[in-house]
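One structure below.
The values are calculated or read from the model by the stated rules, or taken from the named source; none is laboratory data. These numbers come from a predicted model, not from an experiment. Reconstructed Cβ throughout: ideal geometry from the backbone, glycine too, with neighbour counts over all protein chains shown. Protein only, heavy atoms only, side chains kept; ligands, DNA and RNA dropped before computing areas. Shrake-Rupley method; radii C 1.70, N 1.55, O 1.52, S 1.80 Å.
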Amino acid sequence: MSVPSTARVVIIGGGVVGVSTLYHLAKAGWKDCVLLEKNELTAGSTWHAAGNCPNFSTSYAVMNMQRYGLKLYRGLADEVDYPINYHVTGAVRLAHSQERMMEFEHVASMARHQGLQMDICTPEELQQHFPFMELHDLEGGLWDPLDGDIDPAQVTQAMAKGARAHGGNILRFTPATGVSRDNGEWVVHTEKGDIRCEYVVNAAGYYAARVGEWFLPYGGRSVPQAVMSHQYFLTESIPEVEAWTKANGRKLPMVRDVDTSYYLRQDTTGFNLGPYERNCQAAWVNPNDPMPEDFSFQLYPDDLDRLEWYIMDAIERVPLLGTQGVSRNINGPIPYAPDGLPMIGPMPGVPNAFEAHSFTFGIAQGGGAGKVASEWIMHGQTEWDMWAVDPRRYTDYTDRDYNVSKALEVYGHEYAMHFPHHEWPAGRNRKLSPNDDKIRSLGGQMGSYNGWERANWFAKAGDDTSEESTQTWARSGPWEQRIREECEAVRDGVGVLDLPGFSRFALSGEGAAEWLRGKVAGSLPKAGRMTLGYFPDSDGRVLTEMSIIRHDEDDFTLITAAVAQWHDFEVLQSDLPEGLSLSDRTAEVSTLVVTGPKSRDLLAQLSEADLGAGWLTHQKAVVASKDVMLVRVSFAGELGWEIHAAMDDVAEIYAAVLEAGATPFGMYALNSMRIEKGYRSWKGDLSLDYSLLESGLERFVKLDKPQEFPGKQALKAEQERGAAKGFVTLIVDAGDYDAPYMSVLWSGDRMVGEVTSGAWGHRVNASIALGVVKSEFTKPGTEFDVEIYGRRYKARVQENTVLWDPENKRISA
Ligand SMILES: Cc1cc2nc3c(=O)[nH]c(=O)nc-3n(C[C@H](O)[C@H](O)[C@H](O)COP(=O)(O)OP(=O)(O)OC[C@H]3O[C@@H](n4cnc5c(N)ncnc54)[C@H](O)[C@@H]3O)c2cc1C
């Protein structure tokens, strides 16, 4: 079959994800879209997948995607008239510890927030669901009634049928061989001819890194992906299983022993066991073992030895498993991004190109992924905040070694709990501050922020700094007292925080100010001053926040969160007019935060700068004999300055500031102090799930300004009808745990909102939560219950969203 010469969208890859993307585009009326598959549909990872489909995810965004996708699958066979073997069996997840039970409680609560039901179970209740299970070592577990397994090929073919019915064009046995760009359009090359198109999607599964290379000449980056070998095996028929199914008229539910790290499910009348083993194996990593040009419908050789420990453990749990031999083993390639979450969204640095690849649970997520990818393509934005899977979350610090070491780590800990004070050890030290050695010598316990190492807290001699000590959801731990001390040092004296990797862009050129006014909802600062700028999307939701520092009429520095680097650069670059200059200066300049009531006295020893200049001013200055920009601002909410200096100079300045008596503090203390000031965190409190008005940012919204910034009309309409939700600061009568992201807020039996971030405020001595609630619940004094890891605690709406120094006397001293 020949290829069409033009299309609106070309999708490269016909696995479950590419096909779902085409289905969603076609269903939404985008008919002129083509999918290229080099072999038969499903030839990559899809055909051999086990097809397990949970709703469960510890990520709210991913759960949302799975929830949507599984609902789609439940109706798909009828919708498109294509039979699908989909067994909604339910699943039990086993917990071997209290910490795991708490994780389950939090996920069950998020699930309820999304309208799903998941039940917390005792060991005996687990056994009622799955009678062939032994109960040793169990604390309890979770029942997910909508878990199940689907035939991966059938669900893909069903979506393909649906896509074709709506006008989508699928070309099988048509490999894409490259891309080029001509006249602002993409040309996708195949052996059968070229297709000129507006948008292109890399949905090539474990070949995505290879396809990604084609985009390098057009601003692209190497795709951060590694391929792992993943196995499951099937047993011979087990008479007891067969008898149970006959007696009950259904399959057994699935068992996920997440602490041991495997799933076990019924397959016909035997079992399917799939471990995620610690001693796992990456594939195609050695130069003498390159990824073949074509691996369609192929598998790796069996390697059951690797699974032995898991098999033995599973047999102790379900002795029936040991009664029959293995009938078949499947060992296939599975792609991993460094955090194990997929990549769905804009291809970093490349215009009109999108990604939908690196799925470790692509069958469960494929339905939702197609929705998300198609929204990106059609609307340039998504219904839900999908930062968790946005490809721009990884920037230039990934390389092959990093990708492989993270893939091994994530796969080997596929079901691991992600504790709030734990930092994963693989792939570290990608970017080091010039102060790194000094900070570690002072006891710095480091965390990774967009590849940059920063101190989270400073340990003292004798403190337990082991990884084991961080395996807790609790506030307390070796860090707690140190964070308190760091906060007190900043409150009473002066502290210094080394902040490399603060994302920093230079914007200039005639008309820069006017253009920026058309991007932000509020006003720009005068030259010599700075302000926070909020960038709405076209629906008036919070796309991002940047600090806008104005040097001159049309000369700006824009500063944003470390991890926002590529995202925010693209927010600016996407429609930058000709004549304006935009550059990323993150690697050239670093920042020190010097803050606390004695910060002025300290800086006066090191600088002749005008330290009387007011809050939110900035100036060129010399500090410790080095040229710097001094900005009068402090995210800690004390008198303070940020010192912005050349990377080469920052070590000498840091040494001088320490020498002058500043106490080093870390990111955990900063987080405690920022929440006391009601300062928002990026992608926690500030996300596309809320409008600017819902986020309590009215004072940064100027609806009467002449510029037609994105979302202005939406915000006007919202203001007229009144925002449905409002932003609140809560004090929580918390026990040992501060409220994690997406803790549900209850008024009696009614869910009225959720927490967007929570932490202990050491200066106000209280557990603080920021959150968004239905607007009738925003009144100061309103009481809720906040559900934290399954227990409800009283929380009260505060009079002022700022709890520490609400009159800003300290910062303006
Ligand atoms: C053993 C095993 C068990 C699994 N079990 C589960 C499970 O139970 N549940 C679950 O959710 N997930 C499971 N997975 C993961 C799941 O298989 C993948 O996440 C999913 O199939 C990914 O789908 P995809 O469309 O992204 O990629 P793929 O299915 O790999 O599709 C990519 C397609 O792109 C095509 N392609 C590549 N290059 C080109 C080119 N140049 N031109 C045209 N076409 C190209 C390939 O031929 C391929 O068909 C399992 C994986 C393995 C290995």
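General observations
- Qualifying residue in the range 373-386 (condition: without any contact (Cβ under 8 Å) to a residue 60 or more places away in the chain and touching a strand residue (DSSP E or B) at 6+ places or on another chain (Cβ under 6 Å)): yes
- Of all residues in the range 666-683, those satisfying the criterion of being outside any helix (DSSP H, G or I), of a type outside the set (Phe, Trp, Tyr) and open to solvent by 10 Å² or more (accessible area, probe 1.4 Å) are Arg680, Ser681, Lys683.
- Wholly enclosed strands (runs of 3 or more DSSP E) of the range 757-813 bearing at least 1 residues over 19 Å from Tyr60 (Cβ atoms) and among the basic types (Lys, Arg): 791-797
- Selection count, the range 21-60, where residues are more than 27 Å from the chain's Cα centre (by Cα), closer than 15 Å to Gly362 by Cβ and of a type in the set (A, V, I, L, M): 2
- Some residue of the range 100-107 being modelled with pLDDT of 95 or more, within 15 Å of the ligand (Cβ to nearest atom) and among the aliphatic types (A, V, I, L, M): no
- Which listed residue is within 11 Å of the ligand (Cβ to nearest atom) and either part of a helix (DSSP H, G or I) or open to solvent by 20 Å² or more (accessible area, probe 1.4 Å) (or both), from Ile377, Ile363, Ile330, Ile344: Ile363
Results for (1) closer than 21 Å to Leu693 by Cα; (2) out of contact with any helix residue (DSSP H, G or I) (no Cβ under 7 Å at 6 or more places or on another chain), shown as yes or no for each residue.
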residue: Glu488; (1), (2): no, yes
residue: Pro500; (1), (2): no, yes
residue: Ser508; (1), (2): no, yes
residue: Val520; (1), (2): yes, yes
residue: Ser523; (1), (2): yes, yes
residue: Gly528; (1), (2): no, yes
residue: Phe535; (1), (2): yes, no
residue: Thr544; (1), (2): yes, no
residue: Ile549; (1), (2): no, yes
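- Some residue of the range 202-214 being buried (at least 23 other Cβ atoms within 10 Å of the Cβ), at pLDDT 95 or above and away from the ligand (no atom under 14 Å from the Cβ): no
- Condition check for Asp194: within 29 Å of Pro54 (Cα to Cα) and either of a type outside the set (Val, Ile, Thr) or touching a Phe, Trp or Tyr at 6+ places or on another chain (Cβ under 9 Å) (or both): no
- Any chance Asp267 is at pLDDT 95 or above and open to solvent by 70 Å² or more (accessible area, probe 1.4 Å): no
- Residues that are within 16 Å of the ligand (Cβ to nearest atom), open to solvent by 50 Å² or more (accessible area, probe 1.4 Å) and either of a type in the set (Asp, Glu) or in contact with a Phe, Trp or Tyr (Cβ under 8 Å, 6 or more places away or on another chain) (or both) do not occur anywhere in the range 232-248.
- Filter pass, Gln225 being near the ligand (Cβ under 9 Å from one of its atoms), touching a helix residue (DSSP H, G or I) at 6+ places or on another chain (Cβ under 9 Å) and of a type outside the set (Ser, Thr, Tyr): no
- Filtering the range 55-86 to residues that are within 13 Å of the ligand (Cβ to nearest atom) and open to solvent by 10 Å² or more (accessible area, probe 1.4 Å) leaves Phe56, Ser57, Tyr86.
- Selection from the range 277-304 of residues that are of a type in the set (Asp, Glu), surrounded by 12 or more Cβ atoms within 10 Å (Cβ to Cβ) and either closer than 12 Å to Gly332 by Cα or without any contact (Cβ under 8 Å) to a residue 24 or more places away in the chain (or both): Asp302, Asp303
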